[in-house]
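Since the structure comes first, as structure tokens, the remarks are kept for the end.
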Amino acid sequence: MASQDAPALALENITVTFAARDAKDTRYTAVKDATLVVAPGEFVSVVGPTGCGKSTLLNIAVGLLEPSAGSVKVFGKPLVGLNGSAGYLFQTEALMPWRTALDNVTAGLEFRGVLRGEAVQRAEDWLARVGLAGHGHRYPHQLSGGMRKRVALAQTLILDPQIILMDEPFSALDIQTRQLMENELLELWSANRKSVVFITHDLEEAISLSDRVVVLSAGPETRPIGEFAIDLPRPRDVAEIRLTPRFIELHTRIWHAMKDEVLKGYARTRIQ
Amino acid sequence: MREPESSKGVWARMRPRQGNLRVWQVGMLLVFFAIWHVLTVPGIVPPLYFDDANKAAFFFGEPLKVLSRVWDWFYSGAIYEHLWVTLWETFLAFVIGTVSGLVIGLWLALNPIASALCDPYIKALNSMPRVILAPIFSVWFGLDIASKVALGVTLVFFIVFFNVYQGVREVSPTVLANARILGASQRQLLRHVYVPSAMSWVFASLHNSVGLAFVGAVVGEYLGSSRGVGYLILQAEGTFDINTVFAGILVLTAFALILDFVVSVAEKRLMVWQPRQGETERI
Ligand SMILES: Nc1ncnc2c1ncn2[C@@H]1O[C@H](COP(=O)(O)OP(=O)(O)OP(=O)(O)O)[C@@H](O)[C@H]1O
Ligand SMILES: [Mg+2]
């Protein structure tokens with residue numbers, strides 16, 4: 001057994017270089033020498049300009065992608081293959097289109113051999129928690145983009161993973177639903193503290209949810225350029241906390257650190 | 001927009017539109033039979049092309065005789081045995097072809113090396129005119145239904161095979177990765193991701209494969225058999241009984257249509273998860 005105080009997830013000196021399959025000499029180093037450590041029960045948000053390598057880092061953490069250099073440790077043990085302690089909420093559509101919402105939520109339990117009756121009961125419960133009670137019989141193409149995201153959330157959380165990796169889970173939702181979901185997520189999380197890596201474009205969302213915000217530099221050769229502990233009291237209400245002076249102070253500080261990188265990233269995409 | 005009823009001509013009210021399509025379709029069929037009738041029954045119109053009034057009937061049959069032959073078949077029950085054999089062959093060819101196409105398609109699609117190895121042979125087998133195998137199958141499997149089923153299978157197999165192959169390659173990498181992270185084993189991936197994805201392609205080609213299974217059965221019978229609708233046609237042809245030949249063709253066409261309809265119903269029920277155009281309901 002790994003030691004109790006080992007970090008839940010440790011990405012150490014990760015470098016990711018993509019090589020085009022047909023032309024080996026056209027390389028793109030998305031991430032360079034990046035280190036990200038997440039303690040058990042810690043809620044970490046990662047912000048950074050678009051295309052900087054946030055999804056790439058999560059893919060590394062879950063074991064879908066192997067880093068070109070560096071090591072990944074899960075509860076102190078080097079990661080081999082897929083990360084069995086992690087749940088992953090993909091940025092893009094990942095539901096099985098041939099399964100109803102309910103059957104998508106039960107999928108993980110089914111793969112683990114949980115009996116159908118029990119799985120359905122738990123899935124109904126989770127659908128209700130993400131605000132989709134009564135929509136279980138619908139197929140993904142019959143749901144809105146935001147509803148699909150919430151089904152995916154239920155699909156991941158029903159398995160109660162030790163580490164939750166979320167890639168811009170709420171960016172498809174309107175601001176009100178989004179704040180509801182954020183509060184719901186915080187409530188779930190504080191009842192049963194898991195390690196969370198939460199990726200977002202939205203700095204306010206990052207601050208209001210997290211214990212720590214990590215800012216990535218613009219790509220290529222992305223690495224963390226700042227870490228900010230968020231010492232706002234919990235439990236929080238994501239709407240109210242945005243009005244407190246401490247929040248505004250933190251926001252200003254992090255925004256200053258980010259601004260240059262966002263402009264850099266934007267300039268680069270314009271040139272291309 | 002709306003004009004008063006009286007100002008509409010007869011044509012304006014009668015012309016084909018969504019509501020009366022069926023009526024027009026039946027009407028076209030009746031007109032076709034009427035023309036056929038007028039041109040072939042000796043003595044109605046003077047021979048236009050042939051030098052003898054009876055020749056048109058000899059070459060093209062007479063619709064009334066054709067229809068009465070069909071009626072006789074069903075009334076006396078003589079056709080059922082043959083129809084049953086043909087449909088049974090179709091069914092067997094369809095099932096065996098689909099299952100083998102599915103299994104081999106999945107296997108090759110998931111084994112890049114094996115698929116690279118077999119690639120030229122698959123291409124060769126597919127481009128070969130496979131109907132030509134019928135005589136060989138007759139030798140191998142005899143004149144009973146097995147040789148017809150074999151012919152149908154070779155036709156169905158490749159359609160299903162290529163669709164399964166495509167279906168497996170079209171699986172969204174994200175859906176696949178998600179299923180793996182949710183804990184699916186290799187077997188479960190096959191069952192819950194690859195097969196459903198492949199099945200959507202197989203169903204898209206269902207009309208084709210059922211149709212070809214039918215073709216395989218009939219052509220097989222026609223080339224040598226002792227039962228089946230193809231055999232009836234073959235026999236009638238031997239005695240220059242053109243009316244019976246047409247009657248057989250008519251029955252085959254009708255059953256092809258029925259099979260197609262059954263496939264459409266099955267498709268609708270099995271593919272509910274696929275988005276379709278225009279699913280809104282008009283109120
Ligand atoms: N398989 C790949 N092959 C080549 N390049 C890749 C591949 N995957 C990602 N990249 C590149 O790596 C960089 C980082 O991609 P990534 O998806 O991690 O960005 P991101 O930070 O998640 O962006 P966004 O916020 O828009 O989702 C991009 O420039 C992208 O083009
Ligand atoms: Mg991304």
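The values are calculated or read from the model by the stated rules, or taken from the named source; none is laboratory data. What you are looking at is a predicted structure, and each value in this text was computed from that prediction instead of being measured. Positions of Cβ are generated from backbone atoms using ideal geometry, with glycine treated the same way; all protein chains shown enter the neighbour counts. Calculation scope for accessible area: heavy atoms of the full protein, side chains included, ligands and nucleic acids excluded. Shrake-Rupley method; radii C 1.70, N 1.55, O 1.52, S 1.80 Å.
Here are some notes:
- Between A:Glu227 and A:Asp5, the distance separating the two model label sites (each 7 Å from Cα on the Cα→Cβ line) works out to 1.6 nm.
- Shape call, the stretch A:139-182: gyration tensor on alpha carbons, a/c limit 1.5: oblate
- Taking θ as phi - 60° and the Karplus parameters 6.51, -1.76 and 1.60, the scalar couplings of the stretch A:39-45 work out to 6, x, x, 8, 10, 10, 9 Hz in sequence order, x denoting glycine and proline.
- Length-normalised contact order of the stretch B:125-283 in % [C-alpha pairs under 8 Å, at least 6 apart]: 24 percent
- Charge dipole of the stretch B:1-143 (Cα centre as origin; +1 on each Lys and Arg Cβ, -1 on each Asp and Glu Cβ, all else neutral): 600 debye, rounded to the nearest 20.
- Diffusion coefficient, µm² s⁻¹, Stokes-Einstein with Kirkwood Rh over alpha-carbon pairs of the stretch A:1-79 at 10 °C and 1.306 mPa s: 118 µm²/s
- With both labels modelled 7 Å from their Cα along Cα-to-Cβ, the B:Ile35 to B:Arg17 distance reads 2.7 nm.
- Environment charge at B:Val23 (Cβ cut-off 14 Å; Lys +1, Arg +1, Asp -1, Glu -1): +4
- Approximate spin-label separation B:Glu237-B:Phe141, in nm, with each point projected 7 Å along Cα-to-Cβ: 2.0 nm
- Positive-pole candidate from A:Ala128, A:Leu115, A:Tyr139, dipole of the stretch A:111-155, charges at beta carbon: A:Tyr139
- Working note: 222 nm ellipticity from helices only, DSSP H runs with n ≥ 4, each -39,500 (n - 2.57), summed and divided by the residues of the protein assembly as shown, gives -18000 deg cm²/dmol to the nearest 500.
- Surface composition of the protein assembly as shown: carbon and sulfur make up 61 percent of the accessible area, probe 1.4 Å.
- A:Lys194, A:Lys73, B:Lys268, ranked by accessible area, largest first (probe 1.4 Å): B:Lys268, A:Lys73, A:Lys194
- Estimated D of chain A in µm² per second, where Rh is the Kirkwood radius over Cα pairs and Stokes-Einstein applies at 25 °C, 0.890 mPa s: 126 µm²/s
- Potential extension, A:Asn13-A:Asp25 segment - 0.36 nm per residue separation minus Cα distance: 2.0 nm
- The protein assembly as shown - share of DSSP beta bridges that are antiparallel (%, nearest 5): 50 percent
- Cα gyration tensor shape for chain B, rounded if a/c is under 1.5, else prolate or oblate: oblate
- In this structure A:Leu159 has an accessible area near 40 Å², from a 1.4 Å probe over the protein heavy atoms.
- Nearest-20 debye value, the protein assembly as shown charge dipole, Cβ charges on Lys, Arg, Asp, Glu: 360 debye
- Separation of alpha-carbon centers, the stretch A:168-206 and the stretch A:74-112, rounded to whole Å: 19 Å
- Charges were assigned to the Cβ only: +1 to each Lys and Arg, -1 to each Asp and Glu. The resulting dipole of chain A about its Cα centre is roughly 440 debye.
- In the context of the full set of protein chains, the stretch B:1-110 has a per residue accessible area of 73 Å² (1.4 Å probe).
- Distance from the C-alpha centroid of the stretch A:224-269 to that of the stretch B:91-126: 56 Å, rounded to the whole angstrom.
- Kirkwood-Stokes translational diffusion coefficient of the protein assembly as shown, alpha-carbon pairs, 20 °C, 1.002 mPa s, µm²/s: 73 µm²/s
- Computed over the stretch A:105-158, relative contact order equals 48 percent, with contacts defined as Cα pairs under 8 Å that lie 6+ residues apart.
- Links that overshoot a 32 Å alpha carbon limit, given the list A:Lys77/A:Lys264; A:Lys149/B:Lys123; A:Lys32/A:Lys194: A:Lys77/A:Lys264; A:Lys149/B:Lys123
- Taking 0.36 nm per residue of separation and subtracting the current Cα-Cα distance, fully stretching the chain between A:Lys264 and A:Leu243 would add 4.6 nm.
- On the beta carbon distance between A:Arg193 and A:Lys77, with R0 = 25 Å, the FRET formula returns roughly 0.75.
- Taking a sphere under 9 Å around the Cβ of A:Pro7 and counting the other residues whose Cβ falls inside, with K and R at +1 and D and E at -1, yields a net charge of -1.
- Cα-based shape type of the stretch A:116-195, given that a ≥ b ≥ c are square roots of the gyration tensor eigenvalues and the cut on a/c is 1.5: oblate
- Heavy-atom accessible area order for A:Glu205, A:Glu249, largest first, 1.4 Å probe: A:Glu249, A:Glu205
- Taking a sphere under 11 Å around the Cβ of A:Arg129 and counting the other residues whose Cβ falls inside, with K and R at +1 and D and E at -1, yields a net charge of -2.
- FRET efficiency, B:Leu48 to B:Ile132 (Cβ-Cβ, R0 45 Å, nearest 0.05): 0.70
- Among the protein heavy atoms, those of B:Glu81 account for about 100 Å² of accessible surface (1.4 Å probe, every chain in place).
- Residues B:Ala204 and B:Leu67, FRET efficiency given R0 of 25 Å [Cβ-Cβ distance, rounded to 0.05]: 0.10
- Peptide A:136-145 has a mean of 2 when you count, residue by residue, the C-beta atoms of other protein chains within 10 Å of its C-beta.
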